[in-house]
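S.K.: Let me begin by handing over the structure; questions about it come next.
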Ligand SMILES: NC(=O)c1ccc[n+]([C@@H]2O[C@H](COP(=O)([O-])OP(=O)(O)OC[C@H]3O[C@@H](n4cnc5c(N)ncnc54)[C@H](O)[C@@H]3O)[C@@H](O)[C@H]2O)c1
């Protein structure tokens, strides 16, 4: 929304959220999340045409267009638990809109939702006999955390799903007209509502599938002494495959990939397509397998025991350039190491507060240290879980000197210069490559 405000100074954008702490942070010009460039965009428009409020009802009344971007987590209870989307926040929003709208509204579904949810939204909005009419559009968000501002300012495509009726077409044109202020027309795709909703789930499933595919190959590389980076380069040079998203790692995380695939799996099962559901579920299973394999490798490499050993975790965010730790592989790896009674110390430049919250139940078994040089003090190993640039340029001679020996490096992102670390005396365990070891 901040990008819409910055690109369209004549449009008044009001962001309404029920969480007063988040709104207070936005209002102060200090976003409650870390995202490169976000602070600057917010500050360029705040109090001019960008406003923040907890008055959801009042902002519904004033608006012509309403973007619904509430959370749609995986359901943890009842029918569909563990797979289906929990739509309670989304439905509450639909009812707030219905209760407070006095004039025509275009409601834009921006949350990622199961296919045919816009139809349900339309049904809720027409459930009360009133003079107010609503048009519901699907406009899924394809931004990636860490590059969100760039993705919003220069999107590969904007997708708008609308009804085929005259009114539906008019509503689509209103929304398309806003994006057309900064997005080339040929990148604004107009589809039917169901195609739009399904495309978002399908895009995330396909992206995650690439990661699970290269990660599956990484295990084969380790068993056969091939190098996964060389394999990724060779296959990525085929234009039909492409280079992007072929970086082997400890696994994907984030709030969307797993949730959206599970949602897709649930949909397939709902329609009796068990073979298709099993196919997509395997993408999630390989991701879990990769995280477990990484944790198990740490234990088995360090002489089958990590009891009492200090292990520094470099990075807790699910990827670089974000403070978001939702579904981060680091969470799983830390828990497994604590289970093995290691002393875990977590360091991260942006995600330490979230890490503290996520691992609060582990008590003293985990400590948190902003300075990586202090995190490695007396450590037997360090493991790279997030590909922060910062970790590339550190003084690994000094790190080696501070650690217990033999010193181990487990590079879950293949981020570091492994040969250089080996020369400094480290025993180095990358993903999908032959380990470099002095033992
Ligand atoms: N995070 C991403 O990178 C990303 C990318 C594309 C799509 N999405 C989708 O966007 C949606 C939101 O994701 P997110 O990561 O921003 O979630 P989030 O949990 O960070 O934010 C959701 C916000 O909605 C607010 N909210 C909940 N119920 C409300 C209500 N009734 N009225 C007003 N506000 C309400 C919450 O307080 C919260 O601040 C999800 O459907 C997600 O799948 C997220």
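The values are calculated or read from the model by the stated rules, or taken from the named source; none is laboratory data. What you see is a predicted model, and the numbers here were worked out from it, not measured in a lab. Note that each Cβ is placed from the backbone with ideal geometry, even for glycine, and that neighbours are counted across all protein chains shown.
S.K.: For segment 55-86, which positions are within 13 Å of the ligand (Cβ to nearest atom) and not in a loop (DSSP other than H, G, I, E, B)?
M.R.: 56, 57, 58, 59, 60, 66, 67, 68, 74, 85
S.K.: Taking residue 107, is it more than 9 Å from the ligand (Cβ to nearest atom), over 30 Å from residue 321 (Cα atoms) and outside any helix (DSSP H, G or I)?
M.R.: yes
S.K.: Considering only segment 172-182, I want to know if a residue exists there that is surrounded by 14 or more Cβ atoms within 10 Å (Cβ to Cβ), under 26 Å from the mean Cα position of the chain (by Cα) and within 13 Å of the ligand (Cβ to nearest atom).
M.R.: Checked segment 172-182: no residue is surrounded by 14 or more Cβ atoms within 10 Å (Cβ to Cβ), under 26 Å from the mean Cα position of the chain (by Cα) and within 13 Å of the ligand (Cβ to nearest atom).
S.K.: If residue 123 satisfies all but one of (1) touching a strand residue (DSSP E or B) at 6+ places or on another chain (Cβ under 7 Å); (2) not in a loop (DSSP other than H, G, I, E, B), what's the number of the condition it fails?
M.R.: Here residue 123 meets the rest and fails (1).
S.K.: Identify all residues within segment 391-405 that are surrounded by fewer than 16 Cβ atoms within 10 Å (Cβ to Cβ) and part of a loop (DSSP other than H, G, I, E, B); write none if there are none.
M.R.: Result: 392, 393, 394, 395, 404, 405.
S.K.: Residues to consider are 22, 39; find the one that is within 25 Å of the chain's Cα centre (by Cα), surrounded by fewer than 19 Cβ atoms within 10 Å (Cβ to Cβ), closer than 30 Å to residue 184 by Cβ and not assigned by TED's automatic domain parsing to the domain that holds residue 351.
M.R.: Of 22, 39, the one residue that is within 25 Å of the chain's Cα centre (by Cα), surrounded by fewer than 19 Cβ atoms within 10 Å (Cβ to Cβ), closer than 30 Å to residue 184 by Cβ and not assigned by TED's automatic domain parsing to the domain that holds residue 351 is 39.
S.K.: Quickly run through segment 113-141 and pick out the residues that are surrounded by fewer than 16 Cβ atoms within 10 Å (Cβ to Cβ) and either free of Cβ contacts under 8 Å to residues at least 60 places away in the same chain or within 16 Å of the ligand (Cβ to nearest atom) (or both).
M.R.: 116, 123, 126, 127, 128, 129, 130, 131, 132, 133
S.K.: Are any residues in segment 143-170 more than 24 Å from residue 388 (Cβ to Cβ), within 14 Å of the ligand (Cβ to nearest atom) and crowded, with 17+ Cβ neighbours inside 10 Å, and if so, which ones?
M.R.: Hits for segment 143-170 are 155, 158, 159.
S.K.: Check segment 342-358 and report whether any residue there is buried (at least 20 other Cβ atoms within 10 Å of the Cβ), closer than 25 Å to residue 284 by Cα and either free of Cβ contacts under 8 Å to residues at least 12 places away in the same chain or more than 16 Å from the ligand (Cβ to nearest atom) (or both).
M.R.: yes
S.K.: Residue 15 is checked against (1) in the same structural domain as residue 177 (by TED's automatic domain parsing); (2) in a strand (DSSP E or B); (3) within 11 Å of the ligand (Cβ to nearest atom) and fails just one. What number does that condition carry?
M.R.: Unmet for residue 15, out of (1) in the same structural domain as residue 177 (by TED's automatic domain parsing); (2) in a strand (DSSP E or B); (3) within 11 Å of the ligand (Cβ to nearest atom): (1).
S.K.: Continuing with this model, one more query. With 215, 204 as the choices, which residue is within 16 Å of the ligand (Cβ to nearest atom), assigned by TED's automatic domain parsing to the domain that holds residue 433 and either on the phi < 0 side of the Ramachandran plot or outside any helix (DSSP H, G or I) (or both)?
M.R.: 204
S.K.: Please count how many residues of segment 411-430 are surrounded by 22 or more Cβ atoms within 10 Å (Cβ to Cβ), touching a residue at least 60 places away in the same chain (Cβ under 8 Å) and more than 23 Å from the chain's Cα centre (by Cα).
M.R.: Result for segment 411-430: 1.
S.K.: Yes or no: residue 265 over 17 Å from the mean Cα position of the chain (by Cα) and within 16 Å of the ligand (Cβ to nearest atom)?
M.R.: Criteria met by residue 265.
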